[in-house]
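Take a look at the structure set out below.
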Amino acid sequence: MSMNQVFYDGKNAFCRHVAESIKKLDKKDQFRFSSLEGKKARALFIGNYAFLRSKKSIVFLEGERVWVKANAVFRLFWLLGGPWKILGSLFVLPGFLTNPIYYLGTVLVRR
């Protein structure tokens, strides 16, 4: 099984909070976490993919699939399973419907 990689904006409180929450809930140890400001992200997201390192983002690499922002968060909850799968089922909605809620979280959550 290939490891799923989660990248998050380490300078944004909302992104950090989401990443920390997923880490705590990930009892199967199925995700690896890295900051978008780190060496791994800088090496991976280059050229046409540099936009994935944008501020206030969460990027989830699931095999060949790339999930960003709200859809990344919902997909992570889906994969956690259990009761989280209900919230995670929102990953099927298009980003233009879910990202406004995500952006609101990035503005409201400040630590």
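All of the numbers you see were taken from the coordinates with simple rules; none came from a lab. All values reported here derive from a predicted model rather than from experimental measurement. Because the Cβ atoms are built from the backbone with ideal geometry, glycine has one as well, and the counts that use them run over all protein chains shown.
I need to check one value: relative contact order of segment 1-87, counting alpha carbon pairs closer than 8 Å and at least 6 residues apart, in percent.
RCO, segment 1-87: 31 percent.
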The farthest towards the positive end of the charge dipole of segment 4-108, of the residues PRO100, LEU36, LEU61, given +1 on Cβ of Lys and Arg and -1 on Cβ of Asp and Glu, is LEU36
Which value, in debye to the nearest 20, gives the size of the charge dipole of the chain about its Cα centre, when Lys and Arg are +1 and Asp and Glu are -1 at the Cβ? 320 debye
Residue-ordered couplings for segment 54-64, obtained by feeding phi - 60° into the Karplus form 6.51 cos²θ - 1.76 cosθ + 1.60 and rounding to whole Hz (Gly and Pro as x), are 5, 5, 6, 10, 10, 10, 10, 9, 10, x, 8
Counting only residues 5 or more apart in sequence or on a different chain, those whose built amide H sits under 5 Å from that of ILE58 are LYS69
Under 20 Å from the Cα of LYS55, which aspartates and glutamates turn up, not counting those fewer than eight places away in the same chain? ASP9, GLU20, GLU37
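Taking only C-alpha pairs under 8 Å that are 6+ residues apart, what is the relative contact order of segment 1-47 in percent? Please list the in-between numbers first.
Numbers: 42 pairs, mean separation 21.3, N = 47.
In percent, rounded to a whole number, it is 45.
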